[in-house]
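The values are calculated or read from the model by the stated rules, or taken from the named source; none is laboratory data. If you're wondering where the values come from, they're calculated on a predicted model, not measured in any experiment. Each accessible area value is taken on the protein alone, full model and side chains, heavy atoms only, with ligands, DNA and RNA left out. Shrake-Rupley method; radii C 1.70, N 1.55, O 1.52, S 1.80 Å.
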Amino acid sequence: MGYGDILDEVHARWKAGYRAGAEAAIPKRMVEDLYVFGTVEECRAHIGRFVRLGFNCRWWLHRPSSRLTGDDFQGLLGAFGQ
């Protein structure tokens, strides 16, 4: 996906025990390209880009949080369940 060199650096730092450095080596553009996050509308738009590129396998997960309410979970289902 074009991030091999970046991930080599991330993995090298992680293996060396330099966790903060590994995280710092991940560019914002990579996160924005590969992950879906934001408002419901932003998430749907990003998923739409994946679909237009030919992705046909979808999965989703969210960060575990004790602050996730039932309404939050229903919002996730509404955003990604279509």
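Tabulated values for the structure
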| item | result |
| --- | --- |
| Matching residues, the range 4-47, being under 16 Å from residue 76 (Cα atoms) and either open to solvent by less than 60 Å² (accessible area, probe 1.4 Å) or of a type in the set (Val, Ile, Thr) (or both) | 36, 38, 39, 40, 43, 45, 46, 47 |
| Boolean, residue 49 is at pLDDT 70 or above, of a type in the set (Lys, Arg) and within 28 Å of residue 7 (Cα to Cα) | yes |
